[in-house]
Amino acid sequence: MHSDAKILVVDDELVTRQCLSSYFENEGYKVYCAETAEQAESILAREAIDLVLLDIRLPGKDGLTLTRELRVTTEVGIILVTGRQDDIDRLIGLECGADDYVTKPFNPREILARAKNLIRRVRHCTFAKPTDAVVNSLMAFDSWKLNIDRRTLIDEHQQSTQLTEGEFQLLKSLMSSAGHVMSRDQILDQIRNREWVPTDRTVDVLVGRLRRKLQDDPANPRLILTVHGAGYLFTPKPVDIG
């Protein structure tokens with residue numbers, strides 16, 4: 001069922017490349033491999049890649065820089081694979097636009113579960129057409145609309161902005177409790193699932209990313225307010241517009 005899905009493994013360690021590529025190939029995926037960010041860019045330019053498994057530490061251009069550049073021009077799924085234990089690297093990766101991360105040594109089955117979920121989302125967003133809209137898939141707030149089916153934000157000029165899995169889950173959580181302060185623990189309870197296990201610090205990073213996409217000035221926000229010592233408050237009242 002995955003024979004047409006394409007995965008790019010970017011890692012300068014041969015053992016890691018071989019491990020990931022053989023595992024996903026056995027699951028029916030088409031896999032490409034690259035040792036450097038530059039090689040990865042060449043492959044991405046000629047192949048319609050669904051998911052990139054990307055090591056943070058690469059020779060030359062690092063994985064964080066590549067993540068940031070890719071997110072400007074594409075909505076390809078990005079899972080960071082890193083041997084570092086420092087949470088800062090992971091948070092920076094999420095801030096740059098990565099969808100998820102795993103830490104070496106990794107469990108291939110865990111990566112497979114996360115990859116399936118992410119590829120499903122990316123493909124759904126890529127192939128969805130305007131006529132495919134599902135009934136009750138639109139919610140409106142302030143000057144924005146959220147297409148729940150496609151996980152996109154639509155501004156007043158009808159321009160769409162894709163949300164990552166974490167951003168989408170966070171926005172849904174905040175909208176469901178609009179007008180009420182949500183603590184980080186309450187947000188975590190709502191946005192975590194089997195493939196997505198954020199931390200309280202991740203919530204802050206995702207709020208920052210979501211504010212940028214909503215053009216909500218972090219120095220003086222009006223849509224997502226920080227309530228110091230308590231959590232976050234979503235001020236608009238969402239309306240189901242179908």
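Summarising the label geometry, the points placed 7 Å from Cα in the beta-carbon direction at Asp204 and Ser22 lie 4.2 nm from one another.
Pairs of Lys residues in the chain, spaced 8 or more positions apart or belonging to different chains, with C-alpha separations under 23 angstrom: 20 in total. For Asp240 and Ile43, a Förster radius of 45 Å and the Cβ-Cβ distance give a FRET efficiency of 0.60, rounded to the nearest 0.05.
The simple spin-label model puts a point 7 Å past each Cα toward its Cβ; for Asp12 and Asp155 those points are separated by 3.8 nm. Here r is the Cβ-Cβ distance between Ala140 and Glu69 and R0 is 30 Å; the resulting FRET efficiency, rounded to 0.05, is 0.40. Considering only DSSP beta bridges with both partners in the chain, what is the antiparallel share in %, to the nearest 5? Within the chain, antiparallel bridges account for around 50 percent of the total. Cβ-to-Cβ counts within 10 Å put Ser22, Ser173 in ascending order as Ser22, Ser173, the fewest first.
Quick note: the coordinates plus some simple rules give every number you see, no bench work behind them. In this text the structure is predicted, and so the values were computed from the model without any measurement. When we count neighbours, we look across all protein chains shown, and the Cβ atoms used for this are built from the backbone with ideal geometry, even at glycine.
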